[in-house]
1. Would you call L215 among the hydrophobic types (A, V, I, L, M, F, W, C) and within 16 Å of the chain's Cα centre (by Cα)?
2. For residues in the stretch 127-173 being of a type in the set (K, R) and modelled with pLDDT under 95, which is nearest to V91 (Cα to Cα)?
3. Do we find that I70 is closer than 27 Å to T240 by Cβ and within 19 Å of the chain's Cα centre (by Cα) in this structure?
4. Of all residues in the stretch 212-236, how many are within 15 Å of G92 (Cα to Cα), surrounded by fewer than 20 Cβ atoms within 10 Å (Cβ to Cβ) and not β-branched (V, I, T)?
5. For I176, state whether it is surrounded by 13 or more Cβ atoms within 10 Å (Cβ to Cβ), among the β-branched types (V, I, T) and either at pLDDT below 95 or out of contact with any Asp or Glu (no Cβ under 9 Å at 6 or more places or on another chain) (or both).
6. Write out, first by first residue and then by second, each pair whose Cβ atoms fall under 6 Å of each other, whose residues are 6+ apart or on separate chains, and whose first residue, in the stretch 254-281, is under 25 Å from P196 (Cβ atoms) and modelled with pLDDT under 80 while the second is open to solvent by 50 Å² or more (accessible area, probe 1.4 Å) and assigned to a strand (DSSP E or B).
7. Would you mind finding the one in K239, K271, K198 that is assigned to a helix (DSSP H, G or I), of a type in the set (K, R) and open to solvent by 40 Å² or more (accessible area, probe 1.4 Å)?
8. For E286, all conditions in the list (1) outside any loop (DSSP other than H, G, I, E, B); (2) closer than 30 Å to K59 by Cα; (3) out of contact with any Ser or Thr (no Cβ under 9 Å at 6 or more places or on another chain) hold save one; what is the number of the exception?
Amino acid sequence: VFESLVTELLNKYLKPYVKRLDTSQLKLGVWKGDATLEKLELKEDLFEVADLDVPVTIKKSYIGKLVLKIPWKRLTKDPLVVTIDEVFVIVGPDMEARYDPKTELQRLRKNKTKQLQKIRKASKQKKEEKEAKSKKDKPDTFVEKLVTNLLKNLVVNVSKIHVRYEDSLTNQSTSIAAGVFMHSLEMKSTDANWIPCKVKEMATLIYKLIELKSLGVYWNIYSPMFAEMPGNSWVEPMKTGIVEPGQERNMYNNHLLMPLSAVAKMQLNLKPGTDLSVPQVMLNVECDD
């Protein structure tokens with residue numbers, strides 16, 4: 001049951017945006033507890049599929065590895081681990097985009113419909129929460145306990161992210177490139193002293209330690225256009241454009257935001273109604289100099 005649910009969720013959120021997704025291989029990996037997808041590409045019409053009204057399109061994309069480790073035999077003891085490694089995306093201006101009054105009117109109507117749906121959904125959710133409070137003495141089901149336990153001990157590892165905008169068409173006398181990169185992001189569960197540990201099933205206060213390394217933003221002029229490079233030769237300069245921890249800057253980029261690292265300590269109160277003196281969420285962020 002759980003395996004089918006996970007496979008269905010992955011297909012729902014990945015298939016519309018990823019090219020040539022091997023669903024059979026994905027299903028087999030989920031059943032084995034180690035779903036690994038490698039060397040993926042995003043669809044060029046991703047922004048359109050996601051209903052994002054932006055005048056840009058994806059020129060190049062590469063996802064090195066996406067791993068989901070599910071400890072089916074030890075769901076109540078071992079953590080659920082999500083690993084994302086090497087995500088490189090180059091976007092550029094959508095020169096085929098043209099203003100059309102009818103299309104714009106349709107877009108506005110579509111947005112209004114979405115807003116109404118959100119309002120109805122929020123109203124329904126509020127009603128359900130109110131009904132749930134009136135039944136607070138009812139114990140959680142096995143599935144609810146299992147999902148809560150997995151989220152308590154969720155481990156997320158993200159490394160080498162680089163998204164770059166390139167434009168040599170808007171102003172043909174020069175070329176510009178702007179990007180944001182991140183070396184790594186790690187989230188894990190800890191005890192009250194911020195030491196990594198396994199969260200107990202009955203715990204209502206959980207602690208998450210989030211470590212961010214080398215997040216930066218740059219803006220270059222007269223920049224080479226990586227998207228015009230043949231084959232996958234553009235991937236290597238995208239890798240080298242990510243500043244390593246401890247390194248001040250990349251000599252090829254004009255940094256708007258110098259690479260910074262930070263540590264976030266988050267306390268989550270899963271039962272806020274039982275003790276009003278403890279906030280539902282408490283977050284402390286410390287950035288390096």
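The values are calculated or read from the model by the stated rules, or taken from the named source; none is laboratory data. Here the structure is a predicted model, which is why all the values come from computation and not from measurement. No Cβ is skipped: glycine too gets one built from the backbone with ideal geometry, and neighbour counts run over all protein chains shown. Note: accessible area is taken over every heavy atom of the protein model, side chains too, but ligands, DNA and RNA are not part of it. Shrake-Rupley method; radii C 1.70, N 1.55, O 1.52, S 1.80 Å.
1. Numbers: among the hydrophobic types (A, V, I, L, M, F, W, C): yes; within 16 Å of the chain's Cα centre (by Cα): yes.
In short, yes.
2. Taking the stretch 127-173 and keeping what is of a type in the set (K, R), we get 127, 130, 133, 135-136, 138, 145, 152, 160, 164.
Those still in the list that are modelled with pLDDT under 95 too: 127, 130, 133, 135-136, 138, 145, 152.
Values: K127: 42, K130: 44, K133: 46, K135: 50, K136: 49, K138: 50, K145: 42, K152: 36 Å.
Among those residues, the one meeting the criterion is K152.
3. no
4. Number of matching residues: 7.
5. On the way: surrounded by 13 or more Cβ atoms within 10 Å (Cβ to Cβ): yes; among the β-branched types (V, I, T): yes; either at pLDDT below 95 or out of contact with any Asp or Glu (no Cβ under 9 Å at 6 or more places or on another chain) (or both): yes.
Judged against the criteria, I176 is a match.
6. No pair meets every condition.
7. K239
8. Single failed check for E286: (2).
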